[in-house]
Amino acid sequence: MNDNADFEAALRETLPGRAAVEEADTQRLRASIAALPGRRRAGRGGALLAVAAGIVVVLGLGALLVSQLPIAHSGAAPQAPDPAAFASDPRLAVCGLTSKDAEAIFEMDHVRDYPLHLPAAYPLTGLQADPEAPALVIVRAGPASPDREGDSPGAGNHDICMVVGADASGWAPVTILDVDTSGPIAHLPEPTGTPFADALAPWAERCGGADARILDVYTFARGTDSATRIVLDPSAPELATDEPAAVIVYVDVQPFAPLGTPPADSATIAPREPLAPDHHDICVLVGADPATATRTIHEDVVVATVAGRASPTTESSPPATPGVLPAQLEPAVCRELRYPDARCLAIAERALADARLAWTDVAQVSITHNPQGNGVNLGGRGPGDTVTLTLTDGSQRRQDVGCPGLVAGRFDPACSDNPEVRLSSPFGDGSGYHDVPCGATPGGDPGSACATPMPDIKPSAAKRAAPLRIDSQDIPIASTGHLELDMGRATVPNGILSDARFTLADIHTRAIQTEDGIRLEVRSLDPSRPPFENIYEHGWYPGTEDVEVFLVMDVTSVTPGAMLQVRDLVVR
Amino acid sequence: MEVAVDASSAVTPTPAELVAAALAGDRAAFGRLVEPSLVPALGASILITRSHADGHDAVQDALLTAWLGLDQIRDPEAFPAWFRTLVVRSALRVARRRGDVGELEVLPGPESLDDGLERSVDRRLLRRAFDRLSPEDRGLLTLRYLWDLPVAETAYTLGIVPGTVKSRTHAAIGRLRAAFDAEARR
């Protein structure tokens, strides 16, 4: 391909295949359309009669959040339990009702969760109830509430009696008229699976759970420690505390009832616009126990990391040491580039290494994006950055620090805000353990020789095989240099390796830095056997083969107390 | 009260009728409104996010935004373009937030086995090179070379001026070439 015209033609030919869609995909989308929440109807904001004493008015209504609710991938709305299940619940009497008067009855852990249970009812203007209190919601079946003024509820709507309070002494009924009850109602959609490590899940659950589009979860031994990891603008004053705290950063807007005052005309509320890049709603929890921690939600906060960023799958890692940048590299340089300090430093160090200079040789370091980037901050993708080194003798040197694509760039601290540790194994890095060594496509060029197909694993060998499985193992790493960690032994049937992989509790860990990642090696205990690098080259053998499993790495730096947290290691 | 779209009628509802019905809460009408756009939307979203799952999520987000924000649309005839904008912006948001973590799916294209081996290799390299581009570049090239949108429509979809479309396209092609060359050297 010699010119752009060729490229453009090739793109037009290639992209449709790359964008191929299967009928099952479109069917899922059609199913999600059928499950869309009900649209609010103009003029039906829902009248309210609050009957309670000493209840705090809290729920502010500033913008429509229903647009941010995730659509359950399962499609259909869950069914409410049979109201008869609540027949003996004394709270019904608080509303003057029996279970036979109800079309549906369900519990809410907190009043503030009502947009998730009744998305079409949002916003309930003037709802007066303690948002943190639990509530029993009774959706009346037929006759209008005796509190009702005017006509019966509109088609598809119901009057509701909500009993708010945790114990009988505090139960208070709240009547809400003419509520659109379409949508999830009784049960929240099942989360598709929590992405969070067990230790972080309770914090995330308190702020909306797995479906709340949470981007990051930070936990701190003290709220004041948060300043060493993240910078919030505007700041969260409740973090100025010595109590434990957590900050949950949402991908975009938070999932609960929004803050602020309701507009005069609720029918014209527009969906809340997505936030600008680097802007997020956040949920701040202060307290040792996530279940009882004080919760505050802040909207539209600029969130920046000081050094690195914990992924939602990690435990809280030690706070970064302040002053990580040498004097020759001003923090303002990194702020302007919107790079974390660690990345900024990595770029500078790469430039120094390429120029064969040491920090003592330079008086100042500046970094700019490569001009070919159109001045748009692509986060360092593509051409990369240009580092200008002003030496102590006043002369200047320029070094380009490139990031050759995302495949390599994601492991490189100079190319990623949150680089991954490169993990490799006979199976896990696309090294081609099962690559057919003939031709470039499956089936190969008919003209070239191909490897003989491997025999199957024999049942007798399979019976005597013994895999190595390590669900979780934490290994202290205290030194730099070449390390080979003996993880244990396995017995492989007929010499056929079926699986060999592992991961880390935190694939973004900065506590242990290596030359080129961590490699899982499977070594036969029979020294005459070839290495386990390719199934065809290793070959098939009668009986079983004993192997020893190692994790191999060249450690370049390690923080005190660092642990290599190995997870889900399997060799079989 | 819902405005029923009479499915038995021999007359196909107009976009205006479908929008009106959807505004009144008729999901079936909304489904008919978006149906012609679903497949192209999903395909483009997959290209931009480099992931079937993320592409699907992005289109779902766009569907919800369109459903709830339908009263913002001034001209029902412009619904496809408006929806396309929502899809692209949703996919870009998802792609940006995924950052470096992405599936590098190497899906087989509809290549003819009669093609020369070298041409087949070129396409595979080109797909991998495309995946290495930034979300913004992928979005722009998807609009220009998958949907074949003219400059003006591309500018509208991305919220930029037409002149910027041309310069960014040129630069994106340049970056694609660089990525292609890098792939070829692997």
Practice item. Could you calculate the FRET efficiency of residue A:88 with residue B:53 from 1/(1 + (r/R0)^6), where r is the beta carbon distance between them and R0 is 60 Å, rounded to 0.05? Key: 0.85
**Study point:** Accessible area of residue B:67 in the full protein assembly, 1.4 Å probe (Å², nearest 10)
**Key:** 0 Å²
Check your understanding: What is the mean number of Cβ atoms from other protein chains located within 10 Å of the Cβ atom of each residue in peptide B:165-174, rounded to a whole number?
Key -> 2
Study note, to complete from the structure: Note: B:26-38 gets an average of partner chain Cβ contacts (10 Å, Cβ to Cβ) equal to 3
Review point. Which FRET efficiency value, to the nearest 0.05, do you get for residue A:516 and residue A:289 by plugging their Cβ-Cβ distance into 1/(1 + (r/R0)^6) with R0 = 45 Å?
Key: 0.60
Revision key, fill the gap. Placing each pseudo-label 7 Å from Cα in the direction of the beta carbon, residue A:400 and residue B:72 end up separated by a distance in nanometres of 4.0 nm
Point to revise | Distance in nm between pseudo-label sites at residue A:302 and residue A:556 (7 Å out along the Cβ direction from Cα) | key: 3.2 nm
Exercise for review: Obtain the nm distance between the two label points defined at residue A:472 and residue A:393 by a simple spin-label model: each point lies 7 Å from its Cα along the Cα-to-C-beta direction.
Suggested key: 5.8 nm
Exercise for review: Heads up, I need the accessible area for residue A:13: 1.4 angstrom probe, whole protein in place, Å², nearest 10.
Suggested key: 90 Å²
Review point. How do B:151, A:174 rank by accessible surface area computed with a 1.4 Å probe, from largest to smallest?
Key: B:151, A:174
Practice item. Ignoring everything but the protein chains, give the 1.4 Å probe accessible area of residue A:516 in square angstrom, nearest 10. Key: 100 Å²
**Study point:** Local electrostatic count at residue A:104 - Lys and Arg +1, Asp and Glu -1, tallied over other residues with Cβ under 15 Å
**Key:** -4
Check your understanding: With charges only on Cβ, +1 for K and R and -1 for D and E, what is the dipole size of region A:509-572 about its Cα centre, in debye, rounded to 20?
Key -> 280 debye
Study note, to complete from the structure: Highest mean packing first, using Cβ neighbours within 10 angstrom, the peptides A:281-288, B:54-61, A:507-514, A:522-529 sort as B:54-61, A:281-288, A:507-514, A:522-529
Study note, to complete from the structure: Ranking B:147, A:540 from most to least accessible area with a 1.4 Å probe gives A:540, B:147
Point to revise | For B:122-135, mean number of other protein chain Cβ atoms within 10 Å | key: 5
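The values are calculated or read from the model by the stated rules, or taken from the named source; none is laboratory data. Note that the structure is a prediction, hence the values are computed from the model and not measured. Glycine also receives a Cβ, built like all others from the backbone with ideal geometry; neighbour counts cover every protein chain displayed. For accessibility, only protein heavy atoms count, side chains too; no ligands or nucleic acids. Shrake-Rupley method; radii C 1.70, N 1.55, O 1.52, S 1.80 Å.
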